[in-house]
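What follows is calculated from the coordinates using simple rules that are stated; it is not laboratory data. Owing to the predicted nature of the structure, the values given are computational and were not obtained by experimental measurement. So basically every Cβ, Gly included, is an ideal-geometry build from the backbone, and we count neighbours across all protein chains shown.
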Amino acid sequence: MQTCSLMNDKVYDFETIYLLRVEGSWQLAEALPPNRGFFFGENSFETMCWAEDRLLFQALHGERRKKACQIFDWPEKTLSSFSDMESCIRQYLPAHCKRARVRYDVCKSGQGLYLSTEAPLLEWISLNPWREAPTRKAKAAWSEELSVPLTPWSAVKTGSALVYVWAAREKKRRGLDELLLRNSRGEICECAASNVFWSDGEQIFTPALSSGCIAGIGRERIKQATQQAGLTFIEGLFLPEILERAPYVWTSNVTGISWVQQLEGRDLLNPLEKFPFLRTLTLPE
């Protein structure tokens with residue numbers, strides 16, 4: 001039986017639970033059948049937050065899943081609804097776990113060669129302990145080893161994630177709390193596992209999706225909240241030098257917002273104090 005304990009007010013700990021959809025029904029899984037995600041990285045996934053007995057931000061995740069289906073030419077209508085996933089999660093997640101990190105994967109089943117053939121879609125869910133993003137990332141720097149390639153699937157999350165694996169290794173090796181990544185044209189793209197934002201104190205900036213960054217759910221929420229606050233939100237293609245003048249830099253992903261205290265040795269200010277509406281984007285307890 002799975003166990004779950006509240007280790008502190010930000011971390012819920014339990015053993016990872018794997019679920020597989022078989023003939024329209026979700027069930028516990030100990031292994032996955034052969035699939036093109038495993039063999040070729042031809043898969044897409046959503047990383048979601050379970051809180052308040054539901055999957056949060058379903059509309060945003062649904063839009064990104066729809067985009068992935070369009071990119072990979074998958075029949076979206078055959079996929080599970082979010083309500084079906086929620087029913088499954090309620091059945092298998094320990095009842096006293098108030099929050100969890102949910103990874104939902106889609107790919108074609110089977111093996112084959114590089115050219116994909118007709119095959120049913122495979123869906124699985126991983127239920128993982130929740131880890132809140134740190135409020136502050138003390139040290140950040142630009143990657144010295146890699147850049148993000150520009151691809152037709154850049155905006156969605158896929159199993160072709162070696163860039164981010166390598167970025168995580170470089171970040172650890174250099175003793176950093178965050179690593180910023182350029183794209184193959186040398187423009188600002190994103191961070192090792194999050195989107196990046198900055199401000200001159202009046203306007204808020206982030207790389208456009210054409211930079212090759214992930215279309216993050218937190219990114220879209222920050223965009224909407226900025227506009228609702230009556231501030232200007234600018235998406236564009238920017239060279240790294242622009243961050244040399246920015247007093248505020250922060251990152252965002254499914255686990256929350258973190259402000260960068262120091263970038264390449266330069267001290268920065270806390271955007272959560274400058275823009276209080278960002279605090280409203282924290283997840284419910």
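Details
- Extents of the range 185-263, largest first, come to 31, 24, 24 Å (Cα atoms, principal axes, whole angstrom).
- For the chain, the mean residue ellipticity at 222 nm estimated from helices alone is -6000 deg cm²/dmol, where every DSSP H run of n ≥ 4 contributes -39500 (n - 2.57) and the total is divided by all residues, rounded to the nearest 500.
- Rounded tilt (10° steps) of 82-92 against the dominant C-alpha axis of the chain: 70
- For the chain, the alpha-carbon coordinates run over 55, 45, 39 Å along the three principal axes, in decreasing order.
- Acute angle (nearest 10 degrees) that the helix 217-228 long axis makes with the longest principal axis of the chain, alpha-carbon atoms: 50
- For the chain, the longest principal axis of the Cα atoms and the long axis of helix 162-173 meet at an angle of about 50 degrees.
- Over the range 4-131, the ratio between the Cα radius of gyration and 2.2 N^0.38 Å evaluates to 1.09.
- Solution diffusion estimate, µm²/s, Stokes-Einstein, the range 136-281, Kirkwood Rh from C-alpha pairs, 10 °C, viscosity 1.306 mPa s: 105
- Modelled spin labels at S210 and A95, positioned 7 Å past Cα toward Cβ, are 5.4 nm from each other.
- Database remark: amide H of M48 closer than 5 angstrom to the amide H of V102, R103, Y104 (H placed geometrically; neighbours at sequence offset of 5 or more, or on other chains; Pro and chain starts carry no H).
- Mean-position separation - Cα centroids, the range 60-133 and the range 13-28, in angstrom: 11
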